[in-house]
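Colleague: Handing you a structure now.
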Amino acid sequence: MTRKPLPRPVQPGSRLAVVAPAGPFDEEAFRAGLAWLGERYEVVHRPDIFAKTGYLAGDDARRLGELLDAVADPSVDAVVCARGGFGATRLLPGIDPALVREANKMIVGFSDITALHSVWARAGVRSIHAPMVAALGCASDTLRERWIDTLEHPGIARSWDLCPLNPKPRPVSGLLAGGNLAVLGALVGTPFAPRLEGRILFIEDVGERPYRIDRILTTMKQAGGLQGLAGLVVGAFTEGDPGPDGVSIEEVLTDHFGDAPFPVLTGFPAGHIAENEPIPLGAEAVIEDGRLDIRPASPDADLLT
């Protein structure tokens, strides 16, 4: 497969399609986020986006059709998800990475949307791990500014000072990939698991007790999914307090990665937290001296697939 250039540009006035590929959402919060987006962009969504089928935003056919329509529509510049929850993995067999590659437009979301980030990565198209519409209505001005900046300037340099778990003397580089750990674990053994060799993997999660995080990481390791990582960046792991045994998630991560051959950084401010930092997945990243850097890209730069 040949390399793919930077994604279709987004600027004030661009057309954004909002989709609900996973769970249903709070309509009031959704409309607040939609109103904020509408101040800068032309925002469109299908009338049936408010559908509910149990814990899904409508049945699989509705959600898949909505997503594919947004990707294929030549008037749409980027796709923004309404909410995560559950359901995106059910759509994966119906998404052709070639369609995503041809459209070359970013998708924005996190949590369950990690499944779609995996498809975008396989297609060689950048995506953004960031707050979704139902959260943008009440987001801080600072977070909103970073959200816009990441969407409109995917090729600029960025940098975060983090905490090294296992300091390494030499810098490493690789494309940034990943997202929600539970979703990544659910993709193990399927044709849709992301290719992580040579990548810098970002992980976060919510509501998973330490032993469950241990189980997911053990499964990924035993399946060979973490072999060849260039580096690891650990985001927020929330609502995962220790059980009666007293073992914390931090201890689990140290047990798995304290002696890893690749550098591990912790404390990245992204995940199921109020100030969920947008992350440009698919960008070339560097880990050096406790810092994560995103390399700048020229408009005609290529992404490795």
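Colleague: Exactly one of (1) more than 21 Å from Leu175 (Cβ to Cβ); (2) modelled with pLDDT under 95 is unmet by Thr219. Its number?
Modeller: In the conditions (1) more than 21 Å from Leu175 (Cβ to Cβ); (2) modelled with pLDDT under 95, Thr219 misses (2) alone.
Colleague: Just give me the residues in the range 206-259 being among the polar types (S, T, N, Q) and outside any loop (DSSP other than H, G, I, E, B), in sequence order.
Modeller: Answer for the range 206-259, where residues must be among the polar types (S, T, N, Q) and outside any loop (DSSP other than H, G, I, E, B): Thr218, Thr219, Gln222, Thr238, Thr254.
Colleague: A further question follows. What single numbered condition from (1) on the phi < 0 side of the Ramachandran plot; (2) open to solvent by less than 40 Å² (accessible area, probe 1.4 Å); (3) not in a helix (DSSP H, G or I) fails to hold for Pro167?
Modeller: (2)
Colleague: Okay, next question. Assess whether Val206 counts as being open to solvent by less than 10 Å² (accessible area, probe 1.4 Å) and not acidic (Asp, Glu).
Modeller: Judged against the criteria, Val206 is not a match.
Colleague: Could you check, for the range 2-17, whether at least one of its residues is open to solvent by 30 Å² or more (accessible area, probe 1.4 Å), closer than 23 Å to Gly207 by Cβ and among the basic types (Lys, Arg)?
Modeller: no
Colleague: Looking only at the range 113-147, which residues are open to solvent by 10 Å² or more (accessible area, probe 1.4 Å) and over 30 Å from Asp96 (Cβ atoms)?
Modeller: Answer for the range 113-147, where residues must be open to solvent by 10 Å² or more (accessible area, probe 1.4 Å) and over 30 Å from Asp96 (Cβ atoms): Gly137, Cys138, Ala139, Ser140, Asp141, Thr142, Arg144, Glu145, Arg146.
Colleague: Glu288: open to solvent by 50 Å² or more (accessible area, probe 1.4 Å) and more than 18 Å from Ile128 (Cβ to Cβ), yes or no?
Modeller: Criteria met by Glu288.
The values are calculated or read from the model by the stated rules, or taken from the named source; none is laboratory data. No experiment lies behind these values; they were computed from the predicted model shown. A quick note on method: Cβ atoms are made from the backbone with ideal geometry, for glycine too, and the neighbour counts reach across all protein chains shown. These accessible areas exclude ligands, DNA and RNA; they are computed on the full protein's heavy atoms, side chains included. Shrake-Rupley method; radii C 1.70, N 1.55, O 1.52, S 1.80 Å.
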